[in-house]
Amino acid sequence: MSLQRDLFFGKTKGKSSKKDAFSGPGSSRRFRPIDTGKIEVRFDNQTVTQFGGYPAWDSFARSVGLKEEISRAVRMKRGKGSFTPGELGRFLVEAKVLGAKRISHVDTMRSDPLLCKAHGLEPLPSGVTLNRFLKEHTEREVCALDRLCVRLTNSLYKKYTKSLPKEKRKQSKRIVLD
């Protein structure tokens, strides 16, 4: 938690968070993301933000390969240096997990240094970029994402039931998602 606070309240690079374009030849917005599983999480502060549980979410998303799965499910034309479908899709899902109610709310999230370091991107996609990404989806991408959701849910349920003792597995043969 203290690393997150230090990253958020620390000095930033003076870049505008609105710029979303590739910086030009020789520079890259991508770098090796940090391992958020190594961040110590303590709940010793009563004013914790929605980002407090982010390392747990990030570990889960990496363990299921969320970014890679989205990249396989969604194809899109993109220019050199632009975000991949996996980067855009994962950030969109994370924004929802972290409490964004509207696409425009990601513009405040993208200034959080922990999220930038965890994604290995500087800057993160803006609301305008995410809107363009969503507008490009055809029925094919929507069906592919639906199949991805079902496949991930089945896979996670199987992993969960395998971790249970045999007597408990028989009791959890059925799950209802509402």
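The values are calculated or read from the model by the stated rules, or taken from the named source; none is laboratory data. The structure displayed is predicted, hence computed values, not measured ones. We place every Cβ from the backbone using ideal geometry, glycine too, and count neighbours over all the protein chains shown.
Would region 137-152 turn up any residue that is assigned to a helix (DSSP H, G or I), under 26 Å from GLY37 (Cα atoms) and in contact with a Phe, Trp or Tyr (Cβ under 9 Å, 6 or more places away or on another chain)? Walk me through it before giving the result.
Filtering region 137-152 for residues assigned to a helix (DSSP H, G or I) gives 139-152.
From the residues that got through so far, the ones that are under 26 Å from GLY37 (Cα atoms) too are 148-149, 151-152.
Applying the additional criterion that residues be in contact with a Phe, Trp or Tyr (Cβ under 9 Å, 6 or more places away or on another chain) yields none.
Within region 137-152, not a single residue is assigned to a helix (DSSP H, G or I), under 26 Å from GLY37 (Cα atoms) and in contact with a Phe, Trp or Tyr (Cβ under 9 Å, 6 or more places away or on another chain).
Criterion first (in contact (Cβ under 8 Å) with a residue 40 or more places away in the chain and among the small types (Gly, Ala, Ser)) does GLY127 satisfy it? Write out each step before concluding.
On the way: in contact (Cβ under 8 Å) with a residue 40 or more places away in the chain: no; among the small types (Gly, Ala, Ser): yes.
So GLY127 fails the test.
Considering only residues that are charged (D, E, K, R) and in a helix (DSSP H, G or I), look in region 153-178 and name the one that is modelled with the lowest pLDDT.
Of the residues in region 153-178, the ones charged (D, E, K, R) are 158-159, 162, 166-170, 173-174, 178.
Restricting the remaining residues to those that are in a helix (DSSP H, G or I) gives 158-159, 162, 166-170.
Details: LYS158: 83, LYS159: 83, LYS162: 84, LYS166: 81, GLU167: 78, LYS168: 78, ARG169: 74, LYS170: 71.
Among them, the one singled out is LYS170.
Which is at pLDDT 75 or above and under 16 Å from ALA118 (Cβ atoms), of LEU7, LEU66, LEU3? So that I can check it myself, show each step before the final result.
On the way: LEU7 fails: at pLDDT 75 or above; LEU3 fails: at pLDDT 75 or above.
Matching residue, one of LEU7, LEU66, LEU3: LEU66.
Listed here are the residues, each with its yes/no results for (1) surrounded by 12 or more Cβ atoms within 10 Å (Cβ to Cβ); (2) closer than 17 Å to PRO123 by Cβ; (3) at pLDDT 70 or above; (4) touching a strand residue (DSSP E or B) at 6+ places or on another chain (Cβ under 7 Å).
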site: PRO25; (1), (2), (3), (4): no, no, no, no
site: ARG30; (1), (2), (3), (4): yes, yes, yes, yes
site: ILE34; (1), (2), (3), (4): yes, yes, yes, no
site: ARG78; (1), (2), (3), (4): yes, yes, yes, no
*Counting only residues that are surrounded by 13 or more Cβ atoms within 10 Å (Cβ to Cβ) and among the aliphatic types (A, V, I, L, M), which one in region 135-160 is farthest from MET76 (Cα to Cα)?*
LEU156
*For region 115-131, enumerate the residues that are surrounded by fewer than 15 Cβ atoms within 10 Å (Cβ to Cβ) and either assigned to a loop (DSSP other than H, G, I, E, B) or at pLDDT below 90 (or both).*
GLY120
